[in-house]
Amino acid sequence: MSDGGINTKDFFVGMLVGGVIGASATFLSTPKSGKELREDISEQAKVAVDKTSDWTNQAASSAKESTTNMLDRMKRLTKSMRKDMKELTDSADYLLDDLDDWGEDIAASVRQEVEDLQRSVEQLVKEVTEREKQKNN
């Protein structure tokens, strides 16, 4: 996760360190007894821990939400790709079936043409044979 080129973790650490330094400087510059100063530092440390905990929870929640969204998108994309692949496979199967049918149709047509040609040749042979017989008689 990057926020304007700054790593999110580094940002939070910097905020925490800056807050602690600022609070410490404030406490040290104000005239208080040692007990009061320790209580104030303890209180500010608890506040810093609470804020850090809140930021951590927000970051974890955001990461979880982003991951969930990404997984949902990946699931939809995978489902769509499977559907497209099935349609493509079905189309290829239909095309192969059509090609098989065309091949059978072409083979049947060629067989018919050969048979017709064979009959024509046989008829011509008969005619030539008869004419030869007629000439010889």
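Counting residues in the stretch 29-49 that are at pLDDT 80 or above, within 27 Å of Phe11 (Cα to Cα) and exposed (fewer than 11 other Cβ atoms within 10 Å of the Cβ) gives one or more.
Looking at this structure, is Met85 in a helix (DSSP H, G or I), of a type outside the set (D, E, K, R) and farther than 28 Å from Phe11 by Cα? Even if it seems obvious, please write down each step before you answer.
Working: in a helix (DSSP H, G or I): yes; of a type outside the set (D, E, K, R): yes; farther than 28 Å from Phe11 by Cα: yes.
Yes: the conditions hold for Met85.
Does Asp93 fit the bill of being closer than 30 Å to Asp10 by Cβ, among the charged types (D, E, K, R) and either free of Cβ contacts under 8 Å to residues at least 40 places away in the same chain or surrounded by 10 or more Cβ atoms within 10 Å (Cβ to Cβ) (or both)? Give the derivation first.
Values: closer than 30 Å to Asp10 by Cβ: no; among the charged types (D, E, K, R): yes; either free of Cβ contacts under 8 Å to residues at least 40 places away in the same chain or surrounded by 10 or more Cβ atoms within 10 Å (Cβ to Cβ) (or both): yes.
Answer is no for this residue.
The values are calculated or read from the model by the stated rules, or taken from the named source; none is laboratory data. Being a predicted model, the structure only gives us computed values, none of them experimental. No Cβ is skipped: glycine too gets one built from the backbone with ideal geometry, and neighbour counts run over all protein chains shown.
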